[in-house]
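See below for the structure under consideration.
The values are calculated or read from the model by the stated rules, or taken from the named source; none is laboratory data. In this text the structure is predicted, and so the values were computed from the model without any measurement. Neighbour counts run over all protein chains shown; Cβ positions are idealised from the backbone, glycine included.
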Amino acid sequence: MKKLLIALTLCLTALTSMAGKHYTVIVSLDGFRWDYPDWYDTPALDTLAAKGITSGLIPSFPSKTFPNHYTLATGLYPDHHGIVHNTFFDKVSDSFFSLANKATKLDSHFYGGEPIWVTARQQGVKTSILYWPGSDVKVKGMLPDRFLEYDKAPRLTFEERVEGVLNELRKPEKERPQLIMAYFEQPDAHGHHFGPQSKKTRQVVMQADTLMGMIYRGIQQLPFAADVNFIVVSDHGMTWVDEGHQVPLKSRLKAEWVKSIQGNVPAMIYAREGCTDSIYQALRNIDHARVWKRGDVPAYLHYGTNPRIGDIVVCPDGGYLAQDTPVKGGGTHGFDPAEQDMHALFRAAGPDFPHATLPHFSNVDVYPLLCKLLGLTPAPNDGEVPAGL
Ligand SMILES: [Zn+2]
């Protein structure tokens, strides 16, 4: 009899969850380390943990903002979606991609793969995207149903973004998007300026938590609150780099060997014709960094098949920067994702999440997870729905 009752309850639960349409809100807090909630007061994130999933995300290499937000959206490693760094050179189009240059940042041809908002739109699921990196660029000829231009001034304040998310949910059912994504630039900026362990960063982490609390409470006030999943993620962590911790590159190389050097965690060196070996030989035994030719990057980093990656990749050890300019000291990221300081936040609660603590999982798994929550058939990707979700 007891078994029968359990079976009946399970059937009823399955039927109820099939009957109701579920909504998903996913927010990214840039540079929010996985362990900030252990260091600082984060009551809202603690509530999500108490009701749902506590875990962390392992970023993709390099643990930089643009490559990783686009990985979260597509389920592809940067090597596979093509945004291989925040700045890089594309031999095919003979052009530089740079976040600082609006024309290249909005140039569709740099963006491969299929972001979740395109997958959704193709399958008739409405989305609304507030500033997620890459969401204001046409990919496969499509934009999200609703999006905001990141470079258009004035940018919404953080409080306005919170209201923006809730207003989308308050729309009549016919117009209501099933997926809402929002991006917040903090605590990354303070993490860079003051380091992850500082009063200022603590303050901004607590402010971010307050904003998440406003969204969570707003969701609870909806008549269909029980149908809304709320996920908070980040793109990467943050670690401290001491003054004087630079690994010089240029001073070890002949100027005629080098076309350009992009970035410092990792540094990508674009070689002049026939000079890759000379650069490699000059750098291979340097201290505090690993140096690879593009094709020899270790397999676990999933990096090195895309021709946009430099001919030589210099990955500094945690706490060092690959640059000639003396380091003044500050926070940074971009390092090997195996370093736990680079791991990012993951919290989720709602009708589709059990209460559990899960081992950290790769951020390529977020796209298939979102597809599962929305009932979408995913495009080819590098991830899988994490065990237990
Ligand atoms: Zn970032």
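If we keep just the residues of segment 165-192 that are surrounded by fewer than 17 Cβ atoms within 10 Å (Cβ to Cβ) and over 24 Å from N68 (Cβ atoms), which is nearest to the ligand (Cβ to nearest atom)?
The residue in question is N167.
Here are some residues: D365, D352. Which one is assigned to a helix (DSSP H, G or I) and among the acidic types (D, E)?
So the residue among D365, D352 that is assigned to a helix (DSSP H, G or I) and among the acidic types (D, E) is D365.
This table checks each residue for (1) within 26 Å of G329 (Cβ to Cβ); (2) within 16 Å of the ligand (Cβ to nearest atom); (3) without any contact (Cβ under 8 Å) to a residue 40 or more places away in the chain.
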{"position": "L222", "(1), (2), (3)": "no, no, no"}
{"position": "A225", "(1), (2), (3)": "no, no, yes"}
{"position": "F230", "(1), (2), (3)": "no, no, no"}
{"position": "H245", "(1), (2), (3)": "yes, no, no"}
{"position": "K254", "(1), (2), (3)": "no, no, yes"}
{"position": "V258", "(1), (2), (3)": "no, no, yes"}
{"position": "I279", "(1), (2), (3)": "no, no, yes"}
{"position": "N285", "(1), (2), (3)": "no, no, yes"}
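So, in segment 57-91, of the ones that are of a type in the set (V, I, T) and assigned to a loop (DSSP other than H, G, I, E, B), which residue ends up farthest from the ligand (Cβ to nearest atom)?
V84
What number of residues within segment 118-164 are part of a strand (DSSP E or B), crowded, with 18+ Cβ neighbours inside 10 Å and hydrophobic (A, V, I, L, M, F, W, C)?
The qualifying residues number 4.
In segment 93-103, is there at least one residue being at pLDDT below 95, under 24 Å from E149 (Cβ atoms), touching a Phe, Trp or Tyr at 6+ places or on another chain (Cβ under 7 Å) and not in a helix (DSSP H, G or I)?
Looking for residues that are at pLDDT below 95, under 24 Å from E149 (Cβ atoms), touching a Phe, Trp or Tyr at 6+ places or on another chain (Cβ under 7 Å) and not in a helix (DSSP H, G or I), one finds at least one in segment 93-103, hence yes.
N285 versus (1) surrounded by 20 or more Cβ atoms within 10 Å (Cβ to Cβ); (2) of a type in the set (S, T, N, Q); (3) over 22 Å from T71 (Cα atoms): which is the lone unmet condition?
Checking N285 against (1) surrounded by 20 or more Cβ atoms within 10 Å (Cβ to Cβ); (2) of a type in the set (S, T, N, Q); (3) over 22 Å from T71 (Cα atoms), the one that fails is (1).
Go through segment 124-145 and report how many residues are touching a residue at least 40 places away in the same chain (Cβ under 8 Å) and among the aliphatic types (A, V, I, L, M).
Looking only at that region, the number is 3.
Checking the structure you have, find out if any residue of segment 76-94 is small (G, A, S) and not assigned by the TED database to the domain that holds V233.
Yes: segment 76-94 contains one or more residues that are small (G, A, S) and not assigned by the TED database to the domain that holds V233.
Given the condition touching a residue at least 12 places away in the same chain (Cβ under 8 Å), within 26 Å of T377 (Cα to Cα) and not aliphatic (A, V, I, L, M), answer yes or no: does some residue in segment 164-172 qualify?
yes
Can you tell me which residues in segment 53-69 are crowded, with 21+ Cβ neighbours inside 10 Å and over 22 Å from W132 (Cα atoms)?
Selection gives I53 alone.
Could you identify the single residue in D341, D336 that is of a type in the set (D, E, K, R) and assigned to a loop (DSSP other than H, G, I, E, B)?
D336
So, in segment 298-333, exactly how many residues are under 27 Å from A189 (Cβ atoms) and outside any loop (DSSP other than H, G, I, E, B)?
Number of matching residues: 9.
Given the condition in contact with a Gly (Cβ under 9 Å, 6 or more places away or on another chain), more than 23 Å from Q246 (Cα to Cα) and surrounded by 16 or more Cβ atoms within 10 Å (Cβ to Cβ), answer yes or no: does some residue in segment 308-329 qualify?
Yes, that holds for at least one residue.
Among the listed residues G213, G263, identify the single one that is under 22 Å from the mean Cα position of the chain (by Cα), of a type outside the set (D, E) and not assigned by the TED database to the domain that holds D30.
After applying the criteria, what remains is G263.
Looking only at segment 247-269, filter to residues that are of a type in the set (S, T, N, Q) and closer than 27 Å to Q186 by Cβ; which one of those is surrounded by the most Cβ atoms within 10 Å (Cβ to Cβ)?
N264
Filter segment 107-117 for residues that are closer than 22 Å to Y367 by Cβ and part of a loop (DSSP other than H, G, I, E, B) and give the result.
The answer is Y111, G112, G113, E114, P115.
What's the total number of residues in segment 113-136 that are farther than 15 Å from L72 by Cβ and of a type outside the set (D, E)?
7
Report yes if T71 is among the β-branched types (V, I, T) and at pLDDT below 95, otherwise no.
no
Do you know which residues across segment 123-166 are among the acidic types (D, E) and touching a Gly at 6+ places or on another chain (Cβ under 9 Å)?
Of everything in segment 123-166, just one residue is among the acidic types (D, E) and touching a Gly at 6+ places or on another chain (Cβ under 9 Å), namely E163.
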